[in-house]
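*Asks:* My questions all concern the structure below.
The values are calculated or read from the model by the stated rules, or taken from the named source; none is laboratory data. Quick caveat, the model's predicted, so the values are computed rather than measured. Neighbour counts run over all protein chains shown; Cβ positions are idealised from the backbone, glycine included. Calculation scope for accessible area: heavy atoms of the full protein, side chains included, ligands and nucleic acids excluded. Shrake-Rupley method; radii C 1.70, N 1.55, O 1.52, S 1.80 Å.
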Amino acid sequence: MTDTLSSQLIHPAATEDATWWRHAVIYQIYPRSWADGDGDGVGDLPGVTQRLPYLQALGVDAVWLSPFYRSPQADAGYDVADYRDIDPLFGTLEDADALVAKAHELGLKVIVDLVPNHSSDEHPWFQAALAAGPGSRERNRYIFRDGRGPDGSEPPNDWHSVFGGQGWTRVTEADGTPGQWYLHLFDVKQPDFNWDNAEVREEFEAILRFWLDRGIDGFRVDVAHGLVKEAGLPNYDAELHILDGEVRPGAPMPPMWDQDGVHEVYRSWRKVLDSYGKPDRILCAEAWVRPQERAVRYVRPDEMHQAFNFDFLQAQWRAEDLREVIDSSLKAADSVGAPSTWVLSNHDVVRHASRLGLPVGQRRPNGISAQDPQPDRELGLRRARAATLLMLGLPGSAYIYQGEELGLPDSTDLEAQYRQDPTFLRSNGEEVGRDGCRVPIPWKKDAPSFGFGPSGQTWLPQPPIYGEYAVDQQDGVDGSTLELYRQVLRLRRERALGSGGLQLLEGLPDDVVALLNTGRGERTLLLTNLGEEPVRLPPGAEVLVASGPLTGEDEVPTDTTVWAAV
Ligand code: GLC
């Protein structure tokens, strides 16, 4: 038995307070690419509503929808022109209401994406700011500054855009002369709001209420660490990396990220959410912040409920790294009384079935093109299944990105002409960008667009191999990745693993991650073997599920995770 192994408690079981968001499994829908109801090649809300029963059967608790707001789509909807309306590409407000009603009927919660760091340049406020001129109330809702140099032709400071190039753009004033500059940490079509302005704060509280009144269950908050900038906008002589949270050793804290003043915003939002009573509505921070001690400040008791744990996503496929990140994530979250979250894939990163098929130890690529070394598909899938099984056995809340339940790899040979991510365009193709993980989902092998919609159109081309991964190829098929996810999600719920305590088991080979989850008082061994040699399960262990075939009765081969009752 595991009693022969020594153990170390790294997380106590949740006690009385097990509200839904502390252990929920949340499925991310990228609306453009999940289900196309009308056949125009772009996914939409009626398409989502129709297929919600698939998610109920999968066994998740909630869905998070990436932005569906009115938008010129310069950054796939993360450039919002109207926060209170749906883009015609995706449908109407009535479609959104119908989606929420259907989801609730099926017992699924709905979380929407909120984009408060910047709007679209086509937002009426930005248009008014351009028209009104320097020093106006309208300009003060964004970050406008005079340029440097005698004729103001140099940008106000040296900040870069996360997507490449300068972080400032100069405008032409109404009289046709070159004018002030505005800050955009992202695309030139995404001007940053001025969060020192009370009007901006009031507007966003009103937007929160608008959606809460429509019955949604929470918000995923985009670039949550970026809203407040350091006073005086000091120079920051370094490239911007939002999507890894990395501050180079010895470099000063970036003046655009993780400023202390941002927490006041979330305290006021928490009050708005709490005023809606039970069941809790939630806020989840997209905050690429390090170290974890700073990241968990976003989930102190009077701030947000959850924050994405990107350290887990970025961990190398090495037992030591995984043990370390699991331990430190839980301890950091516990220090503020928040649940940890776990995530392996999303719409900004290479899917884990591809990422884990690349050599261990290399830096995570921002997209893969045909010119890059290609991931090993078989190895990637094997490791992805093992990684997922480990993730879903951990206490806390877990995020699943659409298509990962099919074991879907990235599209890794998308031609330049199809690429739409502003990262690719702004870096002149130097950064491949995120289109590869955003390709429409295959539902049926032998249908046009692999069943994504009623026509053959898709806004990004689907690689031919996607047919093999289609839902209809996996549904009811023993050993398929889809059936594995279904089985695992059911077991996770039955054994209450999301609210269990966690112990780290010691005494096994170093390249094995062995944990004991004590959900509902039962003991579930989670064992991932990252070593070359198979590992024997402890005597008496009863296998509940495995990410791949075992060798013999009780030997866990390399790159495999097992859950066992012990
Ligand atoms: C977040 C989103 C990403 C978007 C960026 C700007 O990182 O996840 O997709 O491009 O913010 O809004």
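*Asks:* What are the residues in the range 441-468 that are within 16 Å of the ligand (Cβ to nearest atom) and either in contact with a Leu (Cβ under 8 Å, 6 or more places away or on another chain) or among the acidic types (Asp, Glu) (or both), if any? It would help to see each step written out before you state the result.
*Replies:* Going residue by residue through the range 441-468, those that are within 16 Å of the ligand (Cβ to nearest atom) are 459-460.
Answer for the range 441-468, where residues must be within 16 Å of the ligand (Cβ to nearest atom) and either in contact with a Leu (Cβ under 8 Å, 6 or more places away or on another chain) or among the acidic types (Asp, Glu) (or both): just Leu460.
*Asks:* Hey, another quick one. Which of the following residues is modelled with pLDDT of 95 or more, open to solvent by 10 Å² or more (accessible area, probe 1.4 Å) and of a type outside the set (Val, Ile, Thr): Gln28, Gln56, Gln8?
*Replies:* Working: Gln28 fails: open to solvent by 10 Å² or more (accessible area, probe 1.4 Å); Gln8 fails: modelled with pLDDT of 95 or more.
Of the residues listed, the single one that is modelled with pLDDT of 95 or more, open to solvent by 10 Å² or more (accessible area, probe 1.4 Å) and of a type outside the set (Val, Ile, Thr) is Gln56.
*Asks:* Still on this structure, I have one more. Looking only at the range 348-364, count every residue that is part of a loop (DSSP other than H, G, I, E, B) and out of contact with any Asp or Glu (no Cβ under 6 Å at 6 or more places or on another chain) and tell me the total.
*Replies:* Residues of the range 348-364 part of a loop (DSSP other than H, G, I, E, B): 348-351, 356-364.
This time we only want the ones that are out of contact with any Asp or Glu (no Cβ under 6 Å at 6 or more places or on another chain), so: 348-349, 356, 358-364.
Residues in the range 348-364 being part of a loop (DSSP other than H, G, I, E, B) and out of contact with any Asp or Glu (no Cβ under 6 Å at 6 or more places or on another chain): 10 in total.
*Asks:* Kindly provide the set of residues from the range 424-440 that are open to solvent by 10 Å² or more (accessible area, probe 1.4 Å) and either more than 16 Å from the chain's Cα centre (by Cα) or away from the ligand (no atom under 16 Å from the Cβ) (or both), ordered by number.
*Replies:* Within the range 424-440, Phe424, Leu425, Arg426, Ser427, Asn428, Gly429, Glu430, Glu431, Val432 meet the criteria.
*Asks:* Looking at the range 88-99, which of the residues that are without any contact (Cβ under 8 Å) to a residue 60 or more places away in the chain and crowded, with 23+ Cβ neighbours inside 10 Å is farthest from the ligand (Cβ to nearest atom)?
*Replies:* Filtering first and then ranking leaves Leu99.
*Asks:* Could you please give the count of residues in the range 65-79 that are farther than 16 Å from Ile29 by Cα and more than 9 Å from the ligand (Cβ to nearest atom)?
*Replies:* Final tally of qualifying residues: 5.
*Asks:* Right, another one. Could you please let me know if Leu130 is assigned by TED's automatic domain parsing to the domain that holds Ile86, in contact (Cβ under 8 Å) with a residue 12 or more places away in the chain and of a type in the set (A, V, I, L, M)?
*Replies:* Values: assigned by TED's automatic domain parsing to the domain that holds Ile86: no; in contact (Cβ under 8 Å) with a residue 12 or more places away in the chain: yes; of a type in the set (A, V, I, L, M): yes.
Taking the combined requirement at face value, the residue does not satisfy it.
*Asks:* Give the residue that is most open to solvent (accessible area, probe 1.4 Å), with candidates limited to residues of the range 404-423 that are without any contact (Cβ under 8 Å) to a residue 60 or more places away in the chain and among the small types (Gly, Ala, Ser).
*Replies:* The qualifying residue most open to solvent (accessible area, probe 1.4 Å) is Ala416.
*Asks:* Which condition breaks for Phe452 when tested against (1) touching a Phe, Trp or Tyr at 6+ places or on another chain (Cβ under 7 Å); (2) buried (at least 22 other Cβ atoms within 10 Å of the Cβ); (3) farther than 30 Å from Glu415 by Cα?
*Replies:* Single failed check for Phe452: (3).
*Asks:* Quick check on the range 183-192. Is at least one of its residues over 18 Å from Ser427 (Cβ atoms), open to solvent by less than 70 Å² (accessible area, probe 1.4 Å) and away from the ligand (no atom under 16 Å from the Cβ)? Spell out the reasoning first.
*Replies:* Within the range 183-192, the first condition is being over 18 Å from Ser427 (Cβ atoms), and the residues that meet it are 183, 191-192.
Filter once more, keeping what is open to solvent by less than 70 Å² (accessible area, probe 1.4 Å): 183, 191-192.
Keeping just the survivors that are away from the ligand (no atom under 16 Å from the Cβ) gives none.
Within the range 183-192 (the criterion being over 18 Å from Ser427 (Cβ atoms), open to solvent by less than 70 Å² (accessible area, probe 1.4 Å) and away from the ligand (no atom under 16 Å from the Cβ)), the answer is no, since none of the residues qualifies.
*Asks:* Taking the stated definitions as given, is Arg145 at pLDDT 95 or above, surrounded by 16 or more Cβ atoms within 10 Å (Cβ to Cβ), in contact with a strand residue (DSSP E or B) (Cβ under 8 Å, 6 or more places away or on another chain) and not assigned by TED's automatic domain parsing to the domain that holds Pro279? Steps first, answer last, please.
*Replies:* Details: at pLDDT 95 or above: yes; surrounded by 16 or more Cβ atoms within 10 Å (Cβ to Cβ): yes; in contact with a strand residue (DSSP E or B) (Cβ under 8 Å, 6 or more places away or on another chain): yes; not assigned by TED's automatic domain parsing to the domain that holds Pro279: yes.
Spelling it out, Arg145 is indeed at pLDDT 95 or above, surrounded by 16 or more Cβ atoms within 10 Å (Cβ to Cβ), in contact with a strand residue (DSSP E or B) (Cβ under 8 Å, 6 or more places away or on another chain) and not assigned by TED's automatic domain parsing to the domain that holds Pro279.
*Asks:* Are any of the residues in the range 153-161 open to solvent by less than 20 Å² (accessible area, probe 1.4 Å), at pLDDT below 95 and among the acidic types (Asp, Glu)?
*Replies:* Checked against the condition, which is being open to solvent by less than 20 Å² (accessible area, probe 1.4 Å), at pLDDT below 95 and among the acidic types (Asp, Glu), the range 153-161 yields no hits at all.
Results for (1) of a type in the set (A, V, I, L, M); (2) farther than 16 Å from Pro422 by Cβ, shown as yes or no for each residue.
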| site | (1), (2) |
| --- | --- |
| His118 | no, no |
| Ile143 | yes, yes |
| Ser153 | no, yes |
| Pro156 | no, yes |
| Gln166 | no, no |
| Tyr182 | no, yes |
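*Asks:* A further question on this structure: Given the condition open to solvent by 40 Å² or more (accessible area, probe 1.4 Å), aliphatic (A, V, I, L, M) and in a helix (DSSP H, G or I), answer yes or no: does some residue in the range 193-200 qualify?
*Replies:* Yes, the range 193-200 has at least one match.
*Asks:* In the set Ser329, Ser345, which member is in contact (Cβ under 8 Å) with a residue 24 or more places away in the chain, assigned to a loop (DSSP other than H, G, I, E, B), in the same structural domain as Ser411 (by TED's automatic domain parsing) and at negative phi? Explain how you work it out, then say what you get.
*Replies:* Details: Ser329 fails: assigned to a loop (DSSP other than H, G, I, E, B).
One residue alone meets the criteria, Ser345.
One line per residue, one yes/no per condition, for (1) touching a Leu at 6+ places or on another chain (Cβ under 9 Å); (2) of a type in the set (Ser, Thr, Tyr); (3) under 25 Å from Arg493 (Cβ atoms):
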{"position": "Gly521", "(1), (2), (3)": "no, no, yes"}
{"position": "Leu525", "(1), (2), (3)": "yes, no, yes"}
{"position": "Leu530", "(1), (2), (3)": "yes, no, no"}
{"position": "Glu542", "(1), (2), (3)": "no, no, yes"}
{"position": "Val545", "(1), (2), (3)": "yes, no, yes"}
{"position": "Asp554", "(1), (2), (3)": "yes, no, no"}
{"position": "Pro557", "(1), (2), (3)": "yes, no, no"}
{"position": "Thr561", "(1), (2), (3)": "yes, yes, yes"}
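*Asks:* Report yes if some residue within the range 170-182 is out of contact with any Lys or Arg (no Cβ under 9 Å at 6 or more places or on another chain) and within 16 Å of the ligand (Cβ to nearest atom); otherwise report no. Show your work before the answer.
*Replies:* Of all residues in the range 170-182, those out of contact with any Lys or Arg (no Cβ under 9 Å at 6 or more places or on another chain) come to 170-177.
When the remaining residues are screened for being within 16 Å of the ligand (Cβ to nearest atom), the result is none.
Taking every residue of the range 170-182 in turn, none turns out to be out of contact with any Lys or Arg (no Cβ under 9 Å at 6 or more places or on another chain) and within 16 Å of the ligand (Cβ to nearest atom).
*Asks:* Can I ask one more? Would you be able to tell me the number of residues in the range 336-389 that are open to solvent by 50 Å² or more (accessible area, probe 1.4 Å) and either under 27 Å from Trp64 (Cβ atoms) or not hydrophobic (A, V, I, L, M, F, W, C) (or both)?
*Replies:* 12
*Asks:* What strands (runs of 3 or more DSSP E), lying completely within the range 462-563, carry at least 3 residues that are among the acidic types (Asp, Glu) and open to solvent by 20 Å² or more (accessible area, probe 1.4 Å)? Explain how you work it out, then say what you get.
*Replies:* Working: elements: 502-506, 512-517, 524-529, 542-546.
By residue number, no strands (runs of 3 or more DSSP E) qualify.
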